[in-house]
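Only one structure is covered here, and it is reproduced in the block below.
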C-alpha cells in the first residue's frame, strides 16, 4: 500500500520477520527512490496481512489484519511509530479482507464460517467512531 506524504511517500508491505509475516514500512522520496532502511512496525507470533495506510490528523494510520482481528498503529509521516499497536476488531473470522480508516471513523469487512474449515457463510461489515461506538453494522 502506498500513501503520499508531505515530503514523498510511505510504502507498507508484508514481509517475513523471523518466522511470521509482519508489516514493514519504507519511506520513499518524491521521485520514488527509497530513503533510509525498511522498518518493521508490527511484531509478535501471528501473521499480519493486508496493510492499509490512511492519512490522519496527527500523521498516518496503519491498519492490518490477522486471522481474527484488525490492528491499528499511529505513525509519523516518516513511518516511525507514535503509539503502541491497538486492536480495532476481534472475533471468530476466516479473515478480514478489507479495512479502512479516516481521521473520524474506522471500518472493516470480513467473512466467517460456523465451523473451522468450512467455506465462508456470512459477510460482516462494521463502521465505528474512533472511540469504538458502532455507527453501522451488518453482522
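Among the residues of this structure, residue 101 counts as one that is closer than 27 Å to residue 37 by Cα, within 14 Å of the chain's Cα centre (by Cα) and at pLDDT below 70. Identification of strands (runs of 3 or more DSSP E) wholly contained in the range 1-65 with 3 or more residues that are free of Cβ contacts under 8 Å to residues at least 40 places away in the same chain and more than 12 Å from the chain's Cα centre (by Cα) yields 8-17, 20-28, 34-40. Could you check residue 11 against (1) exposed (fewer than 15 other Cβ atoms within 10 Å of the Cβ); (2) farther than 27 Å from residue 123 by Cα and say which number it fails? Going through the list (1) exposed (fewer than 15 other Cβ atoms within 10 Å of the Cβ); (2) farther than 27 Å from residue 123 by Cα, residue 11 breaks only (1).
With respect to the conditions (1) surrounded by 17 or more Cβ atoms within 10 Å (Cβ to Cβ); (2) modelled with pLDDT under 70, residue 69 lacks only one, and its number is (2).
For residue 82, are the conditions met, namely being crowded, with 16+ Cβ neighbours inside 10 Å and more than 19 Å from residue 29 (Cα to Cα)?
Details: crowded, with 16+ Cβ neighbours inside 10 Å: no; more than 19 Å from residue 29 (Cα to Cα): yes.
Here the answer is no, as residue 82 does not meet what is asked.
The values are calculated or read from the model by the stated rules, or taken from the named source; none is laboratory data. No experiment lies behind these values; they were computed from the predicted model shown. As a convention, Cβ positions derive from the backbone with ideal geometry for all residues, glycine included, and neighbour counts pool all protein chains shown.
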